[in-house]
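A short worksheet on the structure shown next.
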Amino acid sequence: MNTAKLKGKMKEMNITQEELAKLMGKATSTVNRKLQNNGESFTVGEVQKIKSILHLTNEEANLIFLPEKSQ
């Protein structure tokens with residue numbers, strides 16, 4: 001996962017980690033921990049929620065969540 005791209009998109013959308021967590025229905029500490037762990041423990045459902053919240057295109061989502069596959 002490319003956390004820098006995700007955080008960049010969050011900043012672009014003016015959404016903090018706390019707000020993202022709330023919109024996902026998760027504790028802020030849970031989302032922060034997953035981001036610090038390079039997003040390795042996000043579930044498919046959580047990725048879908050993030051994609052929806054941030055209005056990510058399929059291409060943007062692939063670049064963020066599947067960076068090795070996108071190159």
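Brief remarks follow.
- Residue in the stretch 46-56 that is open to solvent by 50 Å² or more (accessible area, probe 1.4 Å) and part of a loop (DSSP other than H, G, I, E, B) present: yes
- Condition check for Thr3: open to solvent by less than 40 Å² (accessible area, probe 1.4 Å) and out of contact with any Cys (no Cβ under 7 Å at 6 or more places or on another chain): yes
- Residues in the stretch 19-34 that are more than 21 Å from Glu59 (Cβ to Cβ) and surrounded by 13 or more Cβ atoms within 10 Å (Cβ to Cβ): Glu19, Ala21, Lys22, Leu23, Met24, Lys26, Thr28, Thr30, Val31, Asn32, Lys34.
- Checking Phe42 against (1) at pLDDT 95 or above; (2) open to solvent by less than 30 Å² (accessible area, probe 1.4 Å); (3) not in a helix (DSSP H, G or I), the condition it does not meet: (1)
The values are calculated or read from the model by the stated rules, or taken from the named source; none is laboratory data. Quick caveat: nothing in here was measured; it's all calculated off a predicted structure. All Cβ positions, even for glycine, are placed from backbone atoms using ideal geometry, and neighbour counts span all protein chains on display. In case anyone asks, the SASA skips ligands and DNA or RNA and just uses the protein heavy atoms, side chains included. Shrake-Rupley method; radii C 1.70, N 1.55, O 1.52, S 1.80 Å.
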